[in-house]
Amino acid sequence: MMRAFLTCAAAALTIGASALPAGAQTPAEINFGVIPTEASINQKKNWEPFLQAMSKATGFKVNGVYATDYAGVIEGMRFNKVHKDSPFAKLEDILKCDKSLDFGIGDPNSTSGFLVPTAYIFAARNIDPKTCFKTVRNANHQANAMAVANKQVAVATNNSENLQRVEVTAPDARKQIKIIWTSPLIPLDPIVWRKDLDPAVKTKLYTFLLSYGRIGSADEIAAAKAILADLVWSTFQPSSDNQLIPIRVLEANKTLMRVQGDDKLSADEKSSQVAAIRAEVAKLEEMQKKAETDEFHRRAAAFLEADKAGRQDELKKMIAEFAASTTTTH
């Protein structure tokens, strides 16, 4: 089962408040930015119940900000998809590169819609989509899904979370979509905040997020989980910047493949750049190994164990400890 992640790195959802001078009061309101995976009117409908719950629990006025593109906020799944009645059955069927197909790809700042297919499909084969397809259009996940279903493009990128949402919001359209390629798993959307966010705000937000759908009466927990289900999410997990190490590795490997295929570089230039990138990848992989056994990982595992067992008193104590640590480590 997919879960949402709470983190303090750059990626999908953002929380921000105006920076305050030393000694100033905690802000009375915050802005919560949401990445545009679908039309903003649909985003607002899905998110407002959650933001209202956040406002009630924290005492802040929470303003939902629904950007029109990824650059307005900045993203952190998978999938390539095509018309169900199309002749394409596998990835190779669309990579003949005879410029006969219209292709939909995600926003350039999208991990699942752009980075993952670019790294795993195109860079890995030294293919430039612009010279491979008849047309290449950038759009959000919902727009790409509808473009495929309505045969406006032959094939497009998407991710597992959005396709789940399409099954609910547009079941007839989902029936017209056929998956022909699936990437390896990548981290699900994180929630991020500004590093200069007031410590008191961080504590309240973190406490709300980890408590939501876990702490309270049976009816309160059920209501919270229903709201999360509308977002195609489950309860939030504690996370850290280390969650996005795999994405950093993807970025580095994409750059590596681009450099290796660059005929404009001399042999010495190429060798030097390749060596530097490989060293960076090795460094990141070592960071990932350490992250899998560090103290934060141990605490997060203990938290999930207590959550599975439904030990609310223990969870409350651990949530308080996690929330307190955010004011010093993030």
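I need the full set of residues from segment 197-213 which are in a loop (DSSP other than H, G, I, E, B) and either open to solvent by 10 Å² or more (accessible area, probe 1.4 Å) or at pLDDT below 95 (or both), in order please.
LEU197, ASP198, TYR212
Quick one: would you say THR255 is open to solvent by less than 50 Å² (accessible area, probe 1.4 Å), in a helix (DSSP H, G or I), among the polar types (S, T, N, Q) and at pLDDT below 95?
Numbers: open to solvent by less than 50 Å² (accessible area, probe 1.4 Å): yes; in a helix (DSSP H, G or I): yes; among the polar types (S, T, N, Q): yes; at pLDDT below 95: yes.
When the stated conditions are applied, THR255 passes them.
Check GLY261 against each of (1) crowded, with 17+ Cβ neighbours inside 10 Å; (2) farther than 30 Å from LEU197 by Cβ; (3) small (Gly, Ala, Ser) and name the one condition it does not meet.
(1)
Taking the stated definitions as given, is ALA124 in a helix (DSSP H, G or I), within 17 Å of MET257 (Cβ to Cβ) and open to solvent by 10 Å² or more (accessible area, probe 1.4 Å)?
Values: in a helix (DSSP H, G or I): yes; within 17 Å of MET257 (Cβ to Cβ): yes; open to solvent by 10 Å² or more (accessible area, probe 1.4 Å): yes.
Answer is yes for this residue.
Is it the case that segment 216-223 has a residue that's touching a helix residue (DSSP H, G or I) at 6+ places or on another chain (Cβ under 9 Å) and closer than 30 Å to ALA324 by Cβ?
yes
Any residue at all in segment 177-196 that's of a type in the set (Asp, Glu), farther than 17 Å from GLY104 by Cβ and buried (at least 21 other Cβ atoms within 10 Å of the Cβ)?
Checking segment 177-196: at least one residue is of a type in the set (Asp, Glu), farther than 17 Å from GLY104 by Cβ and buried (at least 21 other Cβ atoms within 10 Å of the Cβ).
Among the residues of segment 271-320, how many are among the acidic types (Asp, Glu), part of a helix (DSSP H, G or I) and either open to solvent by less than 90 Å² (accessible area, probe 1.4 Å) or within 30 Å of GLY261 (Cβ to Cβ) (or both)?
We begin by selecting, within segment 271-320, every residue among the acidic types (Asp, Glu); these are 280, 285-286, 292, 294-295, 305, 307, 313-314.
Narrowing further to those that are part of a helix (DSSP H, G or I): 280, 285-286, 295, 305, 307, 313-314.
Keeping just the survivors that are either open to solvent by less than 90 Å² (accessible area, probe 1.4 Å) or within 30 Å of GLY261 (Cβ to Cβ) (or both) gives 280, 285-286, 307, 314.
Here the count works out to 5.
What pairs can you find where one residue is in segment 279-306 and more than 12 Å from GLN243 (Cα to Cα), the other is among the acidic types (Asp, Glu) and part of a helix (DSSP H, G or I), and their Cβ atoms are less than 7 Å apart, with a gap of 6+ or different chains?
ALA306/GLU314
Could you list, ordered by first residue, the pairs with Cβ atoms under 7 Å in which the first is in segment 103-126 and over 20 Å from VAL153 (Cα atoms) and the second is part of a helix (DSSP H, G or I) and aromatic (Phe, Trp, Tyr), at least 6 apart or interchain?
So the pair list comes out as ASN109/TYR70.
Sort through VAL153, VAL136 and tell me the only one that's over 23 Å from the mean Cα position of the chain (by Cα) and either crowded, with 21+ Cβ neighbours inside 10 Å or not in a helix (DSSP H, G or I) (or both).
VAL153
What residue, among those in segment 94-110 that are open to solvent by 10 Å² or more (accessible area, probe 1.4 Å) and modelled with pLDDT under 90, is nearest to LYS178 (Cα to Cα)? Steps first, answer last, please.
Taking segment 94-110 first, the residues open to solvent by 10 Å² or more (accessible area, probe 1.4 Å) are 95-102, 107-109.
Those still in the list that are modelled with pLDDT under 90 too: 107-109.
Details: ASP107: 21, PRO108: 23, ASN109: 25 Å.
By that ranking, first place goes to ASP107.
Those residues that are among the basic types (Lys, Arg) and modelled with pLDDT of 85 or more, I need them from segment 118-168; list them, please.
Matches in segment 118-168: LYS130, LYS134, ARG137, LYS151.
The values are calculated or read from the model by the stated rules, or taken from the named source; none is laboratory data. Small disclaimer: the values here were computed from a predicted structure and weren't measured. Counting neighbours? That spans all protein chains shown, and the Cβs are built from the backbone with ideal geometry, glycine included. These area figures cover heavy atoms from the full protein model, side chains too; ligands, DNA and RNA do not enter into them. Shrake-Rupley method; radii C 1.70, N 1.55, O 1.52, S 1.80 Å.
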